[in-house]
Each structure stands twice: as structure tokens, then as C-alpha cells.
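Taking it in order: structure first as C-alpha cells, then the write-up.
The values are calculated or read from the model by the stated rules, or taken from the named source; none is laboratory data. All of these numbers come straight from a predicted model, not from anything done at the bench. For neighbour counting, all protein chains shown are included, and Cβ atoms are generated from backbone atoms with ideal geometry for every residue, glycine included. Each accessible area value is taken on the protein alone, full model and side chains, heavy atoms only, with ligands, DNA and RNA left out. Shrake-Rupley method; radii C 1.70, N 1.55, O 1.52, S 1.80 Å.
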Amino acid sequence: MQQMEVADYVNEPPRPKQKDSGDANQTERRLCQVLLLSFGLLCVIQAILNVSLRLAYCHTTHDMIKDLEEDRLRTAQWEHFNGSFYYFSSITKTWHESRDDCLQKGAHLVIINSREEQNFTTKFGKRLWIGLTDSETEGTWKWVDGTPLNQSYWHSVEPNGGNDENCVEILSVDSENNWNDNNCLVLFNWICEMKVRP
């Protein structure tokens, strides 16, 4: 009987081969790599979208704040001219008090950089403090931001430096050259300037 069993076994048709476990492991590894790569790409895309949205939001918010600030300035007696807002006071103060008032408003006493700006500031026909002084060194005129005076619009025989005249006003005369040095303790109106933010 044992012989018959061996013969049956020998004559038995061959069984199909089972897949090698190495092939299955390799396929599984490739699938994991593809999944990890896909997940990594999704993370990168998500990060790019987040940064893009944040930048767009910040830019939009910045523009909205800028527009609101400009609207607020327009309704608060500020006048826009050539990239700046100007505040013309309705009361009088000393030069130092005027400078402090401008600083409290986030501005400074006006710094006149061009003939157009000079003409703009003289149209009000008032005596107005501007941001020019030689209080540090007599005869060395500087603007409130520390820059030296390059272009001036002095009235005839000015500056004369008399009576501790270390601060500059715009005279109410109808002339392009209407700057006068005066005592800083005299009470005048003043002009604040605030640059428009880019």
C-alpha cells in the first residue's frame, strides 16, 4: 500500500507555485512609498496655500487700514497734498508746544522740500510755525527730523537771529519768500505733516 501512495504522489499533477513572499513585501513597500510621497506633497501644497492666503489677507487688511486711516485724516481737518497730509491748527502755541502737538498726532511740524510744498503752505495767509530751527547751533538750520536746510524761502533780510530767534515761521505776506526766524516762545498757528504710508 505504501508503494501505491508514493506512486499516486508521483503521478499527482504539480501544484501551482505560491507567490514569493519577497515580491509581496516589495509591492507593499512601493505602495507605502507612494502613499508617503502623496501625503508629503499634500502637506507642501497645504503650506503653500496657507502662506498665500495669509499674505493675501495681510495685504488686504493693510490696504483697508490705510484707507481707513486716510479717511480718518480727511475728516479730522487734515488736507492731502502731494503724498502727505497736512494739519493746519486753529489755535496758537509756542514752537515747542506746536512740535509736541504734531508728535502726539503721529506727525511732525512741516518739512518743506519743494517750491510746490512752499506755495501750498502759504495759501492760508496766517503766520504758521514750520519744522525748522537753529536751536542746537546758531546759524545752522535743521529740520525737525535732523536733516539740514538745503532749499530756503527766507523773507528779505532774514534770518537775522535777533532776540533769540531760533524757530521759523511762515509770514502771512503774499510772497513765495516768506520765512522769518522768530523767538520760539511766540504764539502762532502751526502746520503738521504726515507722510502717506506706502
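How large is the convex hull of the C-alpha atoms of the range 72-198 per residue, in Å³? Could the numbers behind the result be given before it?
Values: hull volume 13.2 nm³, N = 127.
It comes to 104 Å³ per residue, whole-number rounded.
Can you give me the accessible area per residue for the range 84-158, using a 1.4 Å probe, in Å²?
Working: 3760 Å² over 75 residues.
Dividing the accessible area of the range 84-158 by its residue count gives 50 Å².
For Ala56 and Val196, compute 0.36 nm times the residue count separating them, minus their Cα-Cα distance, and round to one decimal in nm. List each step's numbers first, then the result.
On the way: separation 140, 0.36 × 140 = 50.40 nm, distance 2.15 nm.
Difference between extended and current length: 48.2 nm.
Enumerate the calculated ³J(HN,Hα) couplings along the range 44-49 in order (Karplus 6.51 cos²θ - 1.76 cosθ + 1.60, θ = phi - 60°), each rounded to whole Hz, writing x wherever the residue is Gly or Pro.
5, 4, 4, 5, 4, 4
Rounded, prolate or oblate for the range 142-190? Axes are the square roots of the Cα gyration tensor eigenvalues, ordered a ≥ b ≥ c, and the cut-off for rounded is a/c under 1.5.
Numbers: a/c = 1.33, a/b = 1.04, b/c = 1.29.
Rounded, because the longest to shortest axis ratio a/c is under 1.5.
Carbon and sulfur: what percent of the range 134-194's accessible surface (1.4 Å probe)?
Details: 1380 of 3090 Å².
Its accessible area is 45 percent carbon and sulfur atoms.
For Ile91, put the label point 7 Å out on the Cα→Cβ axis and report which residues of the range 164-185 keep their amide N under 18 Å from it.
Once the point is set 7 Å along Cα→Cβ of Ile91, 185 turn out to lie under 18 Å by backbone N, inside the range 164-185.
With a 1.4 Å probe and all protein chains kept in place, how much accessible area does Ser90 have, in Å² rounded to the nearest 10?
Its heavy atoms expose roughly 90 Å² to the probe.
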